[in-house]
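Chemist: Questions regarding the structure given below will be posed in turn.
Each value in this text was obtained by applying a stated rule to the coordinates, not by laboratory testing. Note that the structure is predicted; figures quoted are calculated from it, not measured. Cβ placement follows ideal geometry from the backbone for every residue including glycine, while neighbour counts extend to all protein chains displayed.
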Amino acid sequence: MQLVVKDLNTFYGAIHALQNISLSIAEGEIVALLGRNGMGKSTTLKSIMGIIKPRSGSIQFNGNELAGLPPHKIAQAGIGYVPEDRQVFGNLTIEENLMMGQMGIKNKNAAGPKWTLDRIYEHFPFMVKKHGLKARFISGGEQQMLSIARALMGNPSLLLIDEPSEGLSPIIVNEVRDILAEINKEGVSVLLVEHNYKVAVYLAKRIYLMGKAHIGYENSVGHLEAHPEIRSQFLEV
Ligand SMILES: Nc1ncnc2c1ncn2[C@@H]1O[C@H](COP(=O)(O)OP(=O)(O)OP(=O)(O)O)[C@@H](O)[C@H]1O
Ligand SMILES: [Mg+2]
């Protein structure tokens, strides 16, 4: 296993937001983490990334313990993060945003070839013409692509992606979905948080479902598809 999270506990003040979360991702895998609003999906990604410090538990990545490390150290270890709200810098150009993705990250253990601007532009062709445009002038879908591309510039071997489909039209959702499949083919594993069930089961082979603050179910997509009652227990249907 590339990532093994074991018994992670995270608090917001007195609120016990993650209760003994355990999950794992093998190299090259896409795994989806699904659940209703407020269950703790984003908190799980933020805890793995070190943005919120977990109180206890272990986060083993390629055999190294990451729990308690600051986000830049976790990025250096080879984990990229695409936040829920995308967080592109509106006053910077597309290219400047991409370069921000490399700042402070010297990841020598990246899987596969390194990501360069040229390689990013091959995968995200809309950026070629627009590379000098400030990010506030591009569409929501393009900003989502930029947020993903910026994370790739840090040469992660695992990407944590929080709701990439949110607020996008169906055609753009499919474009983002296809780009994630493409990136995965290039050797990047993905932990995907999604509200769009179709996108999640299209991309992932294994699924974790969260109940309040805990993982309530773990199995293959095939198993979940065969058990609609589990789906309605944990998700909006
Ligand atoms: N900064 C914070 N301070 C206090 N409580 C928080 C904070 N962020 C999240 N929470 C609480 O922690 C719980 C989990 O939130 P989280 O954002 O991880 O849920 P989520 O599964 O990502 O939900 P959504 O699908 O709406 O994005 C919720 O009850 C939320 O209200
Ligand atoms: Mg969330």
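Chemist: Given a Förster radius of 30 Å and the C-beta distance between Met99 and Asp178 as r, what FRET efficiency does 1/(1 + (r/R0)^6) yield to the nearest 0.05? List each step's numbers first, then the result.
Modeler: Working: r = 25 Å, r/R0 = 0.84.
Plugging the Cβ-Cβ distance into 1/(1 + (r/R0)^6) gives 0.75.
Chemist: Mind pulling the per residue volume of the convex hull built on the Cα atoms of the chain? Å³ is fine. Can you show the working numbers first?
Modeler: Numbers: hull volume 27.4 nm³, N = 237.
Normalising the Cα hull of the chain by residue number yields 116 Å³.
Chemist: Would you calculate the separation in nanometres between label points at Arg36 and Lys73, each defined as 7 Å from the Cα along the Cα-to-beta-carbon direction?
Modeler: Placing both labels 7 Å beyond Cα along the Cβ direction yields 3.8 nm.
Chemist: So, one more: May I ask you to derive the relative contact order of the chain, considering only C-alpha pairs under 8 Å and at least 6 residues apart, and to give it as an integer percent? Mind dumping the intermediate values first?
Modeler: On the way: 458 pairs, mean separation 65.0, N = 237.
In percent, rounded to a whole number, it is 27.
Chemist: Return the calculated 222 nm mean residue ellipticity for the chain, to the nearest 500 deg cm²/dmol, obtained by summing -39500 (n - 2.57) across DSSP H runs with n ≥ 4 and dividing by the residue count.
Modeler: Details: 10 runs with 82 residues, N = 237.
Only helices count here, giving -9500 deg cm²/dmol.
Chemist: Over 22 Å between Cα atoms: which of Lys6/Lys212; Lys129/Lys198; Lys41/Lys198; Lys6/Lys46 fall into that group? Could you put the intermediate results ahead of the total?
Modeler: On the way: Lys6/Lys212 17 Å; Lys129/Lys198 32 Å; Lys41/Lys198 18 Å; Lys6/Lys46 15 Å.
The answer is Lys129/Lys198.
Chemist: Can you give the relative contact order of region 48-181 as a percent, counting alpha carbon pairs under 8 Å and 6+ residues apart?
Modeler: On the way: 180 pairs, mean separation 43.2, N = 134.
Answer for region 48-181 is 32 percent.
Chemist: Quote to one decimal, in nm, the extra length available between His195 and Lys114 on full extension: 0.36 nm per residue of separation minus the C-alpha distance between them.
Modeler: 26.1 nm
Chemist: Same structure again: Could you pull out which residues in region 28-48 have an amide N less than 11 Å from a spot 7 Å beyond the Cα of Leu235, following the Cα-Cβ vector?
Modeler: Those under the cut-off are 32-36.
Chemist: Taking the Cα centre of region 1-122 as the origin and placing charges on Cβ (Lys, Arg +1; Asp, Glu -1), which of Met99, Gly57, Ala77 is farthest toward the positive end of the dipole?
Modeler: Gly57
Chemist: Report the charge-dipole magnitude of the chain in Debye, nearest 20, computed about the Cα centre from +1 at each Lys and Arg Cβ and -1 at each Asp and Glu Cβ.
Modeler: Values: 24 positive and 23 negative charges, 107 e Å.
Approximately 520 debye in magnitude.
Chemist: Quickly work out the Glu186-to-Lys134 label distance, labels modelled 7 Å from Cα along the C-beta direction, and quote it in nm with one decimal.
Modeler: 2.8 nm
Chemist: For Asn20 and Phe89 in the same chain, what is the full-extension length gain: residue separation times 0.36 nm, less their Cα-Cα distance, in nm? Each step should come with its number before you reach the end.
Modeler: Numbers: separation 69, 0.36 × 69 = 24.84 nm, distance 3.48 nm.
So the chain would gain 21.4 nm between Asn20 and Phe89.
Chemist: Given the C-alpha centroids of region 195-237 and region 1-61, what is the distance between them in whole angstrom?
Modeler: 17 Å
Chemist: Considering the zone a paramagnetic label at Lys205 would reach in this model (a point 7 Å from Cα along the Cα-to-Cβ line), which residues of region 5-39 have amide N under 13 Å from it?
Modeler: 25-32
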